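What follows is one structure encoded as structure tokens, with my remarks underneath.
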Amino acid sequence: MRVIAGDFRGRNLKVLKGDNTRPTTDRVKESLMSSLYSLCGGFDDLKVLDAFAGSGQLGIEALSRGAEEAWFCEKNREAARVVESNLALCKLDSKRAHLVQSDTFKLSSRVGLPAFDLVFLDPPYAFDAERLLSWVGEMEQAGRLSAQALISYEYAKRDAAKVEALLDTLKWTTVSLRSYGDTVIAIFKRS
């Protein structure tokens, strides 16, 4: 895993060994970031949430490309240490990078969070899509998503029909839906 572009370009990032996390490949990450760059008009001044951070690579990539700040939420203690190590490797301080070792599903009630402009949802594939998309609604109700927020949701291709049916029930619009082998990434925003 490496940072592809921006201020931290070329830095190799650590990943947690084993099956507890599922890092996004560089090819998928580059395509995703290009899509988000176009949809957001750049990364400058964005407040980003890497909700199931794993290694923190998606939030770090956004920071490298100019995001104002990123919050990294990771429940697993070992993975949180990997995120912390990667933030140190990129010399990111607590003004731009915030690590929260907690259950992502508890973020909507957490005090002190900004309204996020970009949210990366890249949970382990075993997570229930209905619960995850319900959480997006909770974040919206709690004022944790800006009016122009984009959500990037990475899931297994085998779950595509179920996830896409659930996306249709949200009051959000899918602006991009792309497959990469066994992975699908949906990007959606408020309607």
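The values are calculated or read from the model by the stated rules, or taken from the named source; none is laboratory data. Here the structure is a predicted model, which is why all the values come from computation and not from measurement. Cβ sites come from the backbone with ideal geometry, for glycine too, and all protein chains shown count toward neighbours. Side chains included, ligands, DNA and RNA excluded: accessible areas come from the protein's heavy atoms. Shrake-Rupley method; radii C 1.70, N 1.55, O 1.52, S 1.80 Å.
Of the beta bridges in the stretch 96-191, as assigned by DSSP with both residues counted there, near 75 percent are antiparallel. Backbone amide hydrogens, once placed in the peptide plane, bring Ala97 within less than 5 Å of Ala70, excluding anything fewer than 5 places away on its chain.
Using Cβ point charges alone (K and R +1, D and E -1), the dipole size of the chain about the Cα centre works out to roughly 300 debye. Taking a straight Cα-Cα cut-off under 16 Å and skipping sequence neighbours fewer than 8 places away in the same chain, the aspartates and glutamates within cross-link reach of Lys75 are Asp19, Asp50, Glu84, Asp103, Asp122.
Rounded, prolate or oblate, given the Cα gyration tensor of the stretch 148-191, with a/c below 1.5 counting as rounded? It is oblate, given that a/c is not under 1.5 and a/b is not larger than b/c.
Express the carbon and sulfur contribution to the solvent-accessible surface of the chain as a percent, rounded to the nearest whole number, probe 1.4 angstrom. Exposed carbon and sulfur together represent 47 percent of the surface. In the context of the full set of protein chains, the chain has a per residue accessible area of 47 Å² (1.4 Å probe). When the chain is treated as a Gaussian network with alpha carbon springs shorter than 10 Å, the biggest mean-square fluctuation among Gly59, Gly112, Gly137 belongs to Gly112. Within the assembled protein chains, the solvent-accessible surface assigned to Asp26 is about 40 Å², based on a 1.4 Å probe.
Close amide H contacts of Val175 (hydrogens built in the peptide plane, cut-off under 5 Å, sequence separation of 5 or more or a different chain): Ile187, Phe188, Lys189. The stretch 117-146 and the stretch 9-63 have Cα centres separated by 16 Å.
What the phi angles of the stretch 94-101 give under the Karplus curve with 6.51, -1.76 and 1.60, with θ = phi - 60°, is a coupling list of 6, 7, 10, 10, 10, 9, 10, 8 Hz, glycine and proline written as x. Across Ala53, Ala70, Ala149, mean-square fluctuation computed from a Gaussian network of the chain (C-alpha pairs under 10 Å connected) peaks at Ala149. Assign one of three labels to the chain, namely rounded, prolate or oblate, based on the Cα gyration tensor with a ≥ b ≥ c the square roots of its eigenvalues; rounded applies when a/c is under 1.5, prolate when it is not and a/b is larger than b/c, and oblate otherwise. Because its axes are fairly even, with a/c under 1.5, the chain counts as rounded.
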